[in-house]
Amino acid sequence: MKKFWIKMCSLVLLLFLIGGYNTVLAMREQRDEIARLTAELEGSKMTVSALKEQQAKKTENTAAEALKGADAKNTDGGWKDGTYEGKGQGFGGKVVVEVTIESGEITCIEVKEAQKEDSAYLEMAKDIIEDIVDAQSADVDTISGATFSSTGIREAVTQALEKAE
């Protein structure tokens, strides 16, 4: 009879431990989901403010171009050849990129520094690089799900291209 009660107590304890472990896992999943959704919400807010800022800059640039009668790029229609560095604000902090210009066109963009960025979001955000090279402009949409990180890359490329003008 004593063995029976020992086995029953052991079984109840084991079930309690398994239940506790599953509860901890569920709480971690909820916390991670909340963090992901919060980041997306913050990214959406930043996207709205970035779009407003971008629109204001476009309006300002259009007015300046009308007064100058010149293109935003250098006189031959492209950027000056070379490698230029730019910095932008990502989700975790500073994002540094290196933009290579050959024959007046963007040929390569490389993320040089993004120490505080979450690696999963940064990898998703790097998809914006191909969009920028294809468009030959930093005026492209951010990457959904990695809005802050892709905005940081876009800002850094914009700064680098300003140096190439």
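The values are calculated or read from the model by the stated rules, or taken from the named source; none is laboratory data. Nothing here was measured: the structure is a model prediction, and the numbers come from that model. Only protein heavy atoms, including side chains, enter the accessible area calculation; ligands, DNA and RNA are left aside. Shrake-Rupley method; radii C 1.70, N 1.55, O 1.52, S 1.80 Å.
Run the reach check for Lys52 against lysines, Cα to Cα strictly under 30 Å, same-chain hits fewer than 8 apart removed. What comes back?
Lys68, Lys73, Lys80, Lys87, Lys94, Lys112, Lys116, Lys126, Lys163
If I take every Cα pair under 8 Å that is 6 or more residues apart in the chain, average their sequence separation and divide by the length, what percent do I get for the relative contact order?
Reported as a whole number, the value is 23 percent.
Carbon and sulfur: what percent of segment 74-165's accessible surface (1.4 Å probe)?
C and S atoms contribute 42 percent here.
In whole Hz and in residue order, list the ³J(HN,Hα) couplings for segment 6-21 that follow from phi through the Karplus curve 6.51 cos²θ - 1.76 cosθ + 1.60, θ = phi - 60°; x for Gly and Pro.
Listing the rounded values in order: 5, 5, 5, 5, 5, 5, 5, 4, 4, 4, 4, 5, 5, x, x, 4 Hz.
Rounded to whole Hz and in sequence order, give me ³J(HN,Hα) for segment 119-130 from the Karplus expression 6.51 cos²θ - 1.76 cosθ + 1.60, θ = phi - 60°, writing x for Gly and Pro.
Values per residue, Gly and Pro as x: 4, 5, 5, 4, 4, 5, 5, 5, 4, 5, 4, 4 Hz.
Determine ³J(HN,Hα), in whole Hz, for all residues of segment 54-59 in sequence, where each value follows from phi through the Karplus function 6.51 cos²θ - 1.76 cosθ + 1.60 and θ = phi - 60°; x replaces Gly and Pro.
The phi angles translate into 5, 5, 5, 5, 4, 4 Hz.
Go ahead and estimate [θ] at 222 nm for the chain from helices alone: -39,500 (n - 2.57) per DSSP H run with n ≥ 4, summed, over the residue count, rounded to 500.
Taken over the chain, the calculation gives -21500 deg cm²/dmol.
Kindly report the accessible area of the chain per residue (heavy atoms of protein chains, probe 1.4 Å, no ligands, DNA or RNA), in Å².
Per residue, the chain has an accessible area of 67 Å².
Quick one: which residues, 5 or more positions from Gly90 or on another chain, have an amide H under 5 Å from its amide H? H modelled 1.01 Å from N in the peptide plane, none for Pro or chain starts.
Val95
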